[in-house]
């Protein structure tokens, strides 16, 4: 069943919408959530919460990018469940991710406070400036919280190639944010 | 803003990017590259990139040991599809030595079947190299003159056959006669390549004579100006790509100024009249000048000391000038001293467009006393601001005993540095001094690999007693 058909079920308030959503995207959403929380139960709860949120919001929402719509909700739920203080003990990948992201923060904007949506706009513009391959790798790492090994396997490249792309992209992001920091 | 903010901020990126990352594949540039694998006429493309070499040396000279991605503004490649080194099969790469001198090596790289029609771009990697000398017992690495230098000059290749230089002089100096091998990466995403070569006694050049003349001057004042690249005919350039040739150099440093007096020196870079960056060696301490980004009218935020200094960084500049592979005009005064060096280099840009770089070095007649006074007037007792309360929330305190437990009032930055040094356990390569005036707290930030690997923070009160030690960054997990 394609996205439009599933969304029609949501609009019809047909509970099969949930089942078809789960059949189509359940596994992907679980992997995303599990990458973040590193706990099966929390990941499953994040996915379930995602379906409920979708049920509550469609309609009136009619997502153009249905999977992205679900994934954003799921990622937010997973991040909400994350116990940041104990994340390191649980070896959550998100700890590494935030540390890597720390390298992207230029000293000049370290004190800046950005609204999330404004930062999102800047990040979107930055991502669109990348080569498609580097954008995919960056998003897999920092949006989907994939490990370097997962990314290497997904795209059939070496782990060192993944790390090289990530390293260079982080440096570019740092300089991009530095430039943006002048006017935010 | 911190790393977590960015990570969380990603939740707001556009949804098409999220779906692209879930369902997309390496299909555009990479696959296009694979499809373009077909024989083509081989054409040698000289890509010595004089400016990249000189700027890289300047950066090394300036002590910018952090990883620097050097992109030349106005390069006509941005609107072309890109291929990564990781996408190139190792067996398709052939690298051969073309020429050797005691300071550099010219190699040729042939990439089989790369980017037909010159419409694809490959990133080249021009970074640190390792030089080993052949001895009776095997290969032995030469001692480095600069340990912490690590920069990347990012170049872009539009043809599969090119020549470029590996310049080791800033790191290893000039090599004596003997058998050597150099190992360097060349292509991102590929393992390093190793090339063997031999240095003979007769490899001395007039450029080296000039370099030594520059190095051996006891004092100098030099102004270096980069002209905007001039392009030849754009008749054969697609309309969409023409903008890349005419893009203004707004973000670039376009001139540099050096003052040297004995062992001390000062180096500033400018964009127009605006000071962008600077470095200084004064009384045995190395300083970096930070630009005040949020107030362009007040460019100088403070001199921040670095722990080590290698004066070879300065001499690297002289060799960069003298070793430049370009048409060079040297004008001398009546007394034989150098008045001006004009370097001019023409090479092919993409689409076979001629591109000419011009760099002018003016050796000014500034008296030694005036240079000494300028250096003396540089105020190093300055610091950046920070928020003590916010730092306490952001960086957890380490549970370690303090060394500074009795009062030693801090009167100047130097006092704070000396006290903080007793507490520091990190292998840092840069120090930044902060102060919260309201709280009366000093913060000494020790950067590990320029912060890329992490930070250690030592906090002192005005009595010179340590009140907190924290750390952050990947090194500290």
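The values are calculated or read from the model by the stated rules, or taken from the named source; none is laboratory data. Keep in mind it's a predicted model, so treat the numbers as computed, not measured. As a convention, Cβ positions derive from the backbone with ideal geometry for all residues, glycine included, and neighbour counts pool all protein chains shown.
Of everything listed in (1) over 34 Å from the mean Cα position of the chain (by Cα); (2) free of Cβ contacts under 8 Å to residues at least 60 places away in the same chain; (3) away from chain A (no Cβ under 14 Å); (4) over 19 Å from residue B:303 (Cα atoms), the single unmet condition for residue B:389 is (3). Considering every residue within segment B:337-351, establish whether at least one is at pLDDT below 85, at positive phi and surrounded by 18 or more Cβ atoms within 10 Å (Cβ to Cβ). Yes. Listed conditions (1) at pLDDT below 50; (2) buried (at least 21 other Cβ atoms within 10 Å of the Cβ); (3) at the interface with chain A (Cβ under 7 Å from one of its Cβ atoms) are all met by residue B:28, apart from (2). Select from segment A:35-82 the residues that are within 11 Å of the chain's Cα centre (by Cα) and more than 12 Å from every other protein chain (Cβ to nearest Cβ) and list them in ascending order. A:35 - this is the single residue of segment A:35-82 that is within 11 Å of the chain's Cα centre (by Cα) and more than 12 Å from every other protein chain (Cβ to nearest Cβ).
The residues on offer are A:133, A:117, and the sole one that is at pLDDT 70 or above, at the interface with another protein chain (Cβ under 7 Å from one of its Cβ atoms) and crowded, with 22+ Cβ neighbours inside 10 Å is A:133. Residues in segment A:157-166 that are assigned to a helix (DSSP H, G or I) and facing chain B (nearest Cβ under 8 Å) were compared, and the one that is modelled with the lowest pLDDT is A:160. Just one of (1) more than 7 Å from chain B (Cβ to nearest Cβ); (2) modelled with pLDDT under 80 fails for residue A:97. It is (1).
When the residues of segment A:21-34 are filtered to those that are out of contact with any helix residue (DSSP H, G or I) (no Cβ under 6 Å at 6 or more places or on another chain) and farther than 11 Å from residue A:70 by Cα, the one that is surrounded by the most Cβ atoms within 10 Å (Cβ to Cβ) is A:24.
Restricting attention to segment A:136-156 and to residues that are part of a loop (DSSP other than H, G, I, E, B) and surrounded by fewer than 18 Cβ atoms within 10 Å (Cβ to Cβ), the residue that is modelled with the lowest pLDDT turns out to be A:156.
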